[in-house]
1. Out of every Cα-Cα pair in the range 141-255, what percent are more than 18 Å apart?
2. Using the Cα centre of the chain as origin and beta-carbon charges of +1 (Lys, Arg) and -1 (Asp, Glu), tell me which of 28, 125, 207 is placed farthest towards the positive end of the dipole.
3. Cα gyration tensor of the range 1-143, axes a ≥ b ≥ c as square roots of the eigenvalues: rounded (a/c below 1.5), prolate (a/b > b/c) or oblate?
4. If the range 236-277 were replaced by its equivalent ellipsoid, with semi-axes equal to the square roots of 5 times the Cα gyration tensor eigenvalues, what would those be, largest first, whole Å?
5. So for the pair residue 580, residue 316, with labels modelled 7 Å out along Cα→Cβ, what separation do we get in nm?
6. Semi-axes of the range 255-376's equivalent ellipsoid from the Cα gyration tensor, sqrt of 5 times each eigenvalue, largest first, rounded to whole Å?
7. At 10 °C and 1.306 mPa s, grab the translational diffusion coefficient of the range 674-715 from Stokes-Einstein with a Kirkwood Rh over Cα pairs, rounded to a whole number in µm² per second.
8. Treating the beta-carbon of each Lys and Arg as +1 and of each Asp and Glu as -1, no other charges, what is the dipole magnitude of the range 26-166 about its Cα centre, to the nearest 20 debye?
Amino acid sequence: MPLTFHLIPHTHWDREWYLPEPALRCRLMFMLDELVEQLGKTTPPWRFLLDGQTVLLEDYLAVRPERAEPVARLVREGRLETGPWYVLSDEQIPAAESLVRNLLLGAHDSERLGRRLPVLYSPDAFGHPGSLPLLAREFGLAYGVVWRGVDPAATGGRDLFHWEAPDGESILCLHLPPEGYELGSALLVGDRELPEAWARVRDRLVSRAATGQIAVLLGADHHAPDSRLGTLPDRLARLEPEAVFRFSSLEAFFEAAARERPHGLARIQGECRSGSTHTWALQGTHGTRAPFKRRHSALELVLSRSAEPLAALSGRRDQLRPLLRRAWRDLVQCQFHDTLCGTTSDAVHRVALVRLEAVEGTAREIVRAAVFERLGHDPDRARDCPERIEPSLFIWNPVARPRSGVVRADLTFFRRDVPVGPPAPGGRVLREGPGAGAFSLRLGDGTVIPPQVLGVRTGLERLDAARHHPDLDEVDRVQVVTPVPEIGGLGFTRIAPVPVQAAATEVMALGSRRGLRNPVLAAAVDRRGTLRLARPEGGAQYRGLLGLESEPDLGDTYTWWGGERPRPVRPTAKIRAEVTAAGPFAAALAWNTRFAAAGGGMVTVRVDALLAGREPFLRVRLRLWNQGNNHRVRLRVPIGVRGVAAVAGTHFGRVVRPATRGRPSRGRLETPVATAPAHRYVAAARGRRGLAVLAPGFLEYEWTAAGDLLITLLRSVGQLSRGDLPARPGHAGWPMATPEAQCLGVTDVELALAPLTEEELRDATWLEQLWEDAFVPLRAVWLRDYAPAPGGAPGARTVELSGPGLVFSGLKPAERGNGVVLRCWNSRDRPEVGEWRFGEPVRQAFRIRADERELEPLPLEGEGTRIPIRVPPRGVSSVLVTFADGAGER
C-alpha cells in the first residue's frame with residue numbers, strides 16, 4: 001500500500017507574546033486578508049488550519065466586520081478550520097472548570113461560524129494534564145494532537161498513541177515530531193532545494209509512522225500561507241511518484257489512519273510533562289510571575305464558585321448569563337499559554353493585568369445582582385421606604401452540602417452623610433448617627449450570641465441604587481467573628497443584629513503569645529519565625545513549618561536555574577509575635593521577618609496565622625515585600641516522612657508523584673525539573689504522620705527525598721529567554737529584558753496547613769471538602785439598607801450532592817435555554833452512586849456531557865427533589881435540570 005501524505009496548511013499564532021495583542025492583531029489582519037482571498041480562489045481547493053482557537057477569528061472580525069460572511073462561508077465549507085478551543089491555553093495552570101469554559105466558548109463561537117475542528121488540537125502547550133482525553137470525550141472529540149511533554153519512550157517512538165483518561169475512555173493522539181508543527185515548513189522552498197528538504201522531512205515522519213497515513217503540517221509561528229503552497233503536492237509527487245500527496249485536514253488524516261486499524265499502539269495514562277529527550281516541556285514556567293497566577297486563580301474561584309452558582313439559582317439567569325460569558329472570555333484570554341505562564345514581554349503582562357481587573361469588576365456586579373435578587377433586596381425600595389429597613393447579615397453556604405462553622409463579617413454602622421457634588425437648591429439636611437455600639441447577633445435558630453470583635457475602623461461606604469443617586473456615608477466598620485448554625489447546600493440564612501443580651505459563649509479558639517489552640521489543633525511560633533503544629537489528642541507534631549528561604553535564580557521566564565550549588569538564604573533575626581485575636585471564636589498571631597535575597601536586595605514578610613472555630617487547619621497569610629532580583633523565594637514545610645510519594649490535586653482528581661531531583665545530565669535536551677504543578681493541595685503521609693498544604697488554586701511545589709515540601713512564593717527573573725542555561729541550552733523565546741518579571745513590590749499568599757494521616761489522605765472526598773472549608777468558606781453579606789419585599793425574602797433554593805467519593809465541581813447557567821448545569825466527579829476507582837437533592841421540586845433532569853450535548857432523561861424521585869446519578873470510576877458527571885416553578889425551563 002503506498003504511503004499517503006496529508007498536507008495540512010496551518011499557522012501557529014501566539015495571540016500575544018513578545019509583542020502585545022494589538023500589534024499581533026495588525027499582522028493577523030494582514031495575514032487573514034490574504035488567506036481569505038486565496039481560499040476563495042484556489043483550484044484545486046485546499047484547507048487552512050487556523051491554530052485550533054476561535055479567538056483569532058474574533059480578533060479579526062472585530063476590525064474586519066465586513067468579512068463576516070466570507071469567513072463564515074469558508075468555515076462552513078471546512079476550508080478554514082477553527083476551534084475547538086477559544087484560546088490555546090496553558091493546560092496545567094487553569095483549573096478544570098476553566099478548561100471546560102474554554103472549550104464551551106470555542107464551541108459557541110464555532111457553532112456561530114458554522115463548523116468546529118473535531119480534534120483536540122494542542123500543538124504548543126507546556127505539558128498536559130492527565131484529564132485532557134477526558135475533556136476531549138466530554139466534548140465529543142475522539143482525536144488529539146500534542147507535542148510537548150509526551151515521552152517518546154512511552155509511545156515507542158511512533159507518531160500515534162492512545163491516551164487513556166482516568167475514567168478509561170481514550171482518544172487517538174498524534175504526537176508531533178521533535179520539530180513540532182514547524183517541520184513541514186521546510187518544504188516551502190524552490191525546486192532546487194526541495195529534494196534535500198523532502199528527504200529530511202520524509203525520513204523524520206516515515207520513521208515514526210504507525211500507519212501508511214502521514215500528517216505533514218505546513219506552517220510555522222505567525223506565518224502566512226506561502227505562494228508555493230498550491231503546487232507543492234505535484235512537486236512532491238514528482239520526487240516520489242509511488243506515494244500519494246494531497247491537501248487534507250487533521251480530521252481526514254485521523255479517519256484514514258483509524259481505518260487501517262493500527263495494531264500495537266501504545267496506551268498512555270496520566271499527565272505528560274517530560275521534556276528530556278523529545279523537545280522542551282518548559283516546566284519552569286509554573287513559578288514565573290507567580291503573583292499574576294495567584295490572582296488569576298482567585299478570579300477562577302470567584303467565577304466558578306460564587307458568580308456562576310448565584311446567577312444560576314437566581315431569577316435573573318437570562319440577564320446574568322451573557323455577563324458571565326464576557327467575564328469568562330476575559331479570563332480565558334489571560335490563559336493563553338504564554339500569557340498565563342508569564343513568558344511574555346512586560347507590555348503584554350500589563351495588558352493581562354487590566355483584563356483581570358475587568359473580570360473582577362464584572363464578577364463583583366454579577367454577585368451583587370444575584371444576591372439581591374435571591375434575598376428580595378431592592379435598594380430603591382430602601383430609599384423610598386426607609387421605615388422598612390431592617391439591617392441584616394446574610395450567610396451564604398457556597399458548597400453543595402450542609403455546613404455550619406465560624407464566619408467572618410464586616411458590619412457597618414452609620415455615622416454621618418458625606419455630600420458629593422454641588423449643593424442642591426434649597427440645601428440638603430445632613431443626617432448624623434451614633435456609629436457602632438455594642439450589639440449581639442440573633443442566629444437563624446433563635447440563639448443570641450455576642451460576636452467576637454476583631455477590630456473597628458471608620459471609613460466610607462457607598463450604597464448604590466438604580467433609580468437614585470449613590471448615597472455616600474461615613475460609617476464605623478466592625479469586623480466580627482461568629483459561629484452560625486447549619487445552612488443547606490448553596491443556601492442562605494439571616495442573622496439580625498440586636499441589642500446586647502447576656503448569653504453563654506462557647507470558647508472555640510484561644511490565642512496568646514504562647515500559641516493558638518482550638519479543639520483539634522494547637523500551633524505556636526518560635527523565635528526563628530517557624531511554626532509548631534500538632535493535634536492535641538496525641539497526633540504527630542510538626543516543627544520548623546513555614547521556613548522562608550531565598551535561593552539564586554539565574555534562569556529566565558521559561559526555566560529556573562540556580563547555578564551549580566545553589567545555597568538558600570534564610571531569616572536569622574529573632575521575631576516577636578503579637579496576638580491579633582484571642583478568642584473565643586478565632587485566635588490569631590502575627591509577626592514580621594526580614595532577610596536578604598540570594599540575588600541581592602531584601603525581602604520583608606508579614607505572617608498572619610489563624611485558628612477559627614473547630615477547623616482542622618491553620619490559616620496562613622503571608623504578605624511579601626520583595627526588593628530582591630534574580631532569586632526564588634520558597635516556603636519550606638518539613639513533614640518528616642521519607643520514601644513516600646506526594647499527592648497533589650489536579651483536574652477532576654489527584655496525581656501521585658515521587659520526589660525528583662533536577663540535575664543536568666548528558667543526552668538530555670532539558671533538565672527534568674524538581675518542581676511540579678498542583679491545584680488546591682499537595683500532601684504526603686505515612687501512618688499517622690502527614691500534612692497537607694492547601695491553596696486557593698494553582699501552586700508550584702517540590703517534594704524532596706528528605707520529606708520536605710517546598711512551596712514557590714515567587715521567582716524573580718529579568719530575561720524573557722537566555723541561551724546559555726545548562727538546564728536548557730538554547731533560546732526558548734526571543735531574548736528581551738523583562739524587569740517586571742522580577743516581581744518587585746508587595747504580593748499576598750494564602751495557604752492552610754492541615755495535619756492528616758495516611759488513611760485520611762487516601763480519602764480524596766474528605767480532603768476536597770477540607771479544601772472547600774478553607775477556601776470556599778461560608779460567605780457573609782451585610783445589607784445595612786435591607787428592606788425585605790412584601791411577604792419576606794423568597795425561599796432559599798438549596799442544592800446538595802451526596803454519594804461516596806463524589807466531589808462537587810460546579811453549578812452554572814446552561815449555555816442554551818434557561819436550565820442549570822450541575823457537575824461532580826468521582827474520586828474513586830470504582831463506579832459510585834449518589835444523588836442531587838433540592839430544596840424545591842425539579843421539573844426535568846437530563847444526563848449531559850460537559851459540552852451540554854447528548855441529553856438523556858434522568859428519573860426524578862421524592863416528588864422531584866432527588867435525582868439519582870451513577871458516575872464511572874474517576875469519571876465526570878454533568879446534569880441539566882429545570883425547576884418546577886418554570887425557572888430553568890429550556
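The values are calculated or read from the model by the stated rules, or taken from the named source; none is laboratory data. None of the values given here were measured: they were computed from a predicted structure. Here the Cβ is made from the backbone with ideal geometry for all residues, glycine too, and neighbour counts use every protein chain on show. Remember, those area values only see protein heavy atoms, side chains included, never the ligands or the DNA or RNA. Shrake-Rupley method; radii C 1.70, N 1.55, O 1.52, S 1.80 Å.
1. Details: 3533 of 6555 pairs.
The answer is 54 percent, as a whole percent.
2. 125
3. Numbers: a/c = 1.63, a/b = 1.22, b/c = 1.33.
Oblate is the answer for the range 1-143, as a/c is 1.5 or above yet b/c matches or exceeds a/b.
4. Equivalent ellipsoid of the range 236-277: 29, 16, 12 Å, largest first.
5. According to this spin-label approximation, the distance is 3.4 nm.
6. Numbers: eigenvalues 267, 108, 30 Å².
That gives 37, 23, 12 Å for the three semi-axes.
7. Details: Rh = 10.9 Å.
For these conditions, the coefficient is 146 µm²/s.
8. Numbers: 15 positive and 20 negative charges, 78 e Å.
In total the dipole reaches around 380 debye.
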